[in-house]
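Worksheet: the structure to be examined is printed underneath.
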Amino acid sequence: AQSVSQHNHHVILSEAASLELGCNYSYGGTVNLFWYVQYPGQHLQLLLKYFSGDPLVKGIKGFEAEFIKSKFSFNLRKPSVQWSDTAEYFCAVRDPGTYKYIFGTGTRLKVLA
Amino acid sequence: GAGVSQSPSNKVTEKGKDVELRCDPISGHTALYWYRQSLGQGLEFLIYFQGNSAPDKSGLPSDRFSAERTGGSVSTLTIQRTQQEDSAVYLCASSGGLRLYEQYFGPGTRLTVT
């Protein structure tokens, strides 16, 4: 069965620190990849997505992610975090042949001002 | 409305009671998903509706769970004879149009079974 692993469950950073959140998936075929973010008290919202093409994708608020097919990874990065990035981040995979999405367990990021 | 709405936002119920959770998707979105998010867990797929096709109910954890989507729009998730392990946040998402594979989530319903 497909699965998505987010190894960092809780991350605490100071403002201006660099961020990298890991996401690994288990699926051998073509996949669509997503990062969602949930700010405190708000809905889940799409941060960025990868369908095809350039494996380095840029999303909102300065986030980016790199798809490395050989490593089955889609790590989320941001060069310099802000206090407002405090949120929970979810990685998700979709098999293009189906409509199902598999989500990771999420990473809670806390940025200290 | 501009986004996906869900009601109620919070529901506290006694074990054994039935509950109904409602989802209003974005107008025109043909796809609708229900997920369950338990503490410390990811989003667990429950059920999927696409247009007028038969729904995919493969994620429903037991026959106490059922869902309907009327007129291709509003959806209701029903949990019969609730158990304490049903306590979770139930999320609805919809997608459609040119961004068919981008899900838009509602705020969720937090269900607590006492």
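The values are calculated or read from the model by the stated rules, or taken from the named source; none is laboratory data. These numbers were taken from a predicted model, which means no experiment stands behind them. Every residue, glycine among them, receives a Cβ derived from its backbone with ideal geometry; neighbour counts consider all protein chains shown. Each accessible area value is taken on the protein alone, full model and side chains, heavy atoms only, with ligands, DNA and RNA left out. Shrake-Rupley method; radii C 1.70, N 1.55, O 1.52, S 1.80 Å.
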Filter result (closer than 26 Å to residue A:41 by Cβ, within 11 Å of chain B (Cβ to nearest Cβ) and open to solvent by 60 Å² or more (accessible area, probe 1.4 Å)) within segment A:90-113: A:108
Give the number of residues within segment A:1-15 that are part of a strand (DSSP E or B) and under 24 Å from residue B:94 (Cβ atoms). 1
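When you check residue B:45 against the structure, is it over 24 Å from residue A:35 (Cβ atoms) and hydrophobic (A, V, I, L, M, F, W, C), yes or no?
When the stated conditions are applied, residue B:45 does not pass them.
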Scan segment B:96-114 and give yes if some residue there is away from chain A (no Cβ under 11 Å), over 30 Å from residue A:10 (Cα atoms) and among the β-branched types (Val, Ile, Thr), otherwise no. no
In segment A:80-89, the residues that are buried (at least 20 other Cβ atoms within 10 Å of the Cβ) and either in contact with a Gly (Cβ under 6 Å, 6 or more places away or on another chain) or not aliphatic (A, V, I, L, M) (or both): A:85, A:89
Counting just the residues of segment A:16-69 that are among the charged types (D, E, K, R) and part of a strand (DSSP E or B), which one comes out surrounded by the fewest Cβ atoms within 10 Å (Cβ to Cβ)? A:58
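Filter segment A:36-84 for residues that are more than 14 Å from chain B (Cβ to nearest Cβ), among the hydrophobic types (A, V, I, L, M, F, W, C) and in contact with a strand residue (DSSP E or B) (Cβ under 7 Å, 6 or more places away or on another chain) and give the result. Quick ask: steps written out before the conclusion?
Of the residues in segment A:36-84, the ones more than 14 Å from chain B (Cβ to nearest Cβ) are A:53-56, A:58, A:61-84.
With among the hydrophobic types (A, V, I, L, M, F, W, C) added as a condition, the list becomes A:56, A:63, A:65, A:67-68, A:72, A:74, A:76, A:81, A:83.
Correct list: A:56, A:63, A:65, A:67, A:72, A:74, A:76, A:81, A:83.
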Looking at segment B:23-114, what strands (runs of 3 or more DSSP E) fall wholly within it and have at least 2 residues that are aromatic (Phe, Trp, Tyr) and open to solvent by less than 30 Å² (accessible area, probe 1.4 Å)? B:31-37, B:43-50
